[in-house]
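Asker: Mind looking over this structure? Questions follow.
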Amino acid sequence: MSQPSGSRPTQRSADLPRPICHLPRSRRRQTIPNMAEVPADERCKHGEIAAWCGESECMAERTGLPKRVWRTASGSAYHRKPTCQALLEGHRKAERYGYEAHPVESVPLADAMSAGLGECFHCFPENVPAGAKPCQIWSDGTWVDGFLLEWRRGADGQWKGLVNYRHRSGRRIALKDYPAELRQPDTTVAAD
């Protein structure tokens, strides 16, 4: 039997996924834990299941985000540190076009997220694991910010770092010699 034109094909109810509410009660408890059944060590300080808590402090701990970030009054993003190259570039651009470059301030991550700010593309690049460590990489004659993904020992016995860093208009992943092309991040500006 053919379908009339313009109508959607129908599926048998046996083919459709069943909502959780149609599961037997014994299976529902296994699928969605009852809060009373969750051990205290699996809960966050807000009393929620730690893996599900949406509070910024819990998310920071779970995802590797910092608890405090840097922002400006008119900025649209929050940054890992006040010396972020994208932040400084934004200040230079504002001054060049005659706008006020607002001072950088340290705020809790929760405040930055509540204000609707996004993550800086430079400080929080995509596809960088939570355990990656901030570092600086020698690139095109200057030190740039990046992330150390892992250490590797080269064939010559020297340590090299697999790093993810900003390069020209994009990002690059490369193996860099330590300490000639790789160092700890610049810590001249202290966070509070």
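Rule-based calculations on the coordinates, nothing more; no lab input. Just so it is clear, the model here is predicted, and its values are computed rather than measured. Cβ coordinates were reconstructed from backbone atoms using ideal geometry, including for glycine residues, and neighbour counts include every protein chain displayed.
Asker: Is the range 68-119 best put as rounded, prolate or oblate by its Cα gyration tensor, with a ≥ b ≥ c the root eigenvalues, rounded for a/c under 1.5, and otherwise prolate when a/b is larger than b/c, oblate when not?
Answerer: Prolate shape, in that a/c is at least 1.5 and a/b is the bigger ratio.
Asker: For a quick size check, give me the Cα extents of the range 76-160 along its three principal axes, largest first, whole Å.
Answerer: Cα spread of the range 76-160 along its principal axes, largest to smallest: 52, 32, 19 Å.
Asker: When only DSSP loop residues count, what trypsin sites (Lys or Arg not before Pro) in the range 98-177 have their Cβ near at most 13 other Cβ atoms within 10 Å? Numbers along the way, then the final one.
Answerer: Numbers: sites: ARG152, ARG153, LYS160, ARG166, ARG168, ARG171, ARG172, LYS176; in loops: ARG168.
Answer in residue order: ARG168.
Asker: If you take the beta carbon distance between ARG68 and ASP156 as r and set R0 to 45 Å, what does 1/(1 + (r/R0)^6) give as a FRET efficiency, to the nearest 0.05?
Answerer: On the way: r = 40 Å, r/R0 = 0.89.
Calculated value: 0.65.
Asker: Let me ask something else about it. Can you list the lysines whose alpha carbon is less than 26 Å from that of LYS160, not counting same-chain residues fewer than 8 positions off?
Answerer: Counting by Cα, and skipping residues close in sequence, LYS160 has these lysines nearby: LYS81, LYS133, LYS176.
Asker: Work out how much length ALA180 to ARG168 would gain on full extension: take 0.36 nm times their residue separation and subtract the Cα-Cα distance, in nm to one decimal.
Answerer: The ALA180-ARG168 span can extend by a further 2.3 nm.
Asker: Give the residue from TYR99, ALA112, CYS84 lying farthest towards the positive end of the charge dipole for the range 68-119; charges sit on Cβ (+1 for Lys and Arg, -1 for Asp and Glu) and the dipole is referred to the Cα centre.
Answerer: CYS84
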